[in-house]
Structure formats: C-alpha cells, structure tokens
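Structure first, commentary second.
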Amino acid sequence: MRVLFWYCEKFDWTPAMKTLEEAPDAQSSRNENSVVAFIHVEPDDLDESSSAETKLVKNAKWLARKWEITTVILHSFTHLGEKKAEPAEAKALMDRAQERLEKAGYSAFQTPYGYFLDLEIKAPGHPLARIYKEF
C-alpha cells in the first residue's frame, strides 16, 4: 500500500467522470479540517498476513491527533504505483478501514469510489501537511 496523507483546511469534491459502471450515484461534498488519505491498494495488501490496513488506520489516527482533529477522509488514488488491487477488494479494504476509524471515535468518510473527481484543496505549508508512506 502506498498512501499520501494530507492535512487539508479544505477538501471539497464534485463527481466529474464515472470510471466503474457499477458505482452508485455520487454527490458533491464540502469538508474542512480533515486528514485526507490518498490510498493506492496493491494486491499484496489483501493477503491475510498483510498489516497494510492496520498501518493505514494507525497512521491516519496519528496524523489526526497531531492536528487535533477527528475527521479522516479516505480517497482511492490508484496512481501511486504500478500494481493495483482489484476494485472490489480495494473498496472492501477501505470500508474496513473506515469502520475501524469510526469505532475509534473518528468521523471517517470516503470519497465516491469509482469516479474521477473535481477537487478543491487548501493545505498549509507545514511539514505535517503532506506525508507519504509505503506499507
């Protein structure tokens, strides 16, 4: 798994182009003060022995604590590597991560899966505003 974490003062999206035929209809959303995880799920991340999902959740919680916020947005971003997990399996992993974050007291959301989105991002120039991780 490869993840680019952003702290965003503003992270808004509008669905622009559907990329998965089976994706449900999607709505725009406006968000403030959130950790946004741009997530690239790889096939090896789906193995039972993989700790990628746990590391994703732990790193998102760590960064949210650093910024003293509780909102985490999970965004599928399959542009960080060459190997890609199958869409249904990647979505299931993100669903599990969202559920784990919610059980830990975070407000967790996902951007519409199976869409290219128009994004509006405002992020401060700070060392903890952008962090890249490989698990």
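The values are calculated or read from the model by the stated rules, or taken from the named source; none is laboratory data. These numbers come from a predicted model, not from an experiment. Quick reminder, even Gly has a Cβ in these numbers, built from the backbone with ideal geometry, and neighbours come from all protein chains shown.
Scan region 24-75 for residues that are at pLDDT below 95 and of a type in the set (Ser, Thr, Tyr) and jot them down. Correct list: Ser49, Ser50.
So which of Glu120, Glu86 ends up being of a type outside the set (Gly, Ala, Ser), modelled with pLDDT of 95 or more, surrounded by fewer than 17 Cβ atoms within 10 Å (Cβ to Cβ) and out of contact with any His (no Cβ under 7 Å at 6 or more places or on another chain)? Result of the check over Glu120, Glu86: Glu120. Of the residues making up region 44-66, not a single one is crowded, with 17+ Cβ neighbours inside 10 Å and part of a loop (DSSP other than H, G, I, E, B). Tallying residues that are assigned to a strand (DSSP E or B) and at negative phi within region 26-43 yields 9.
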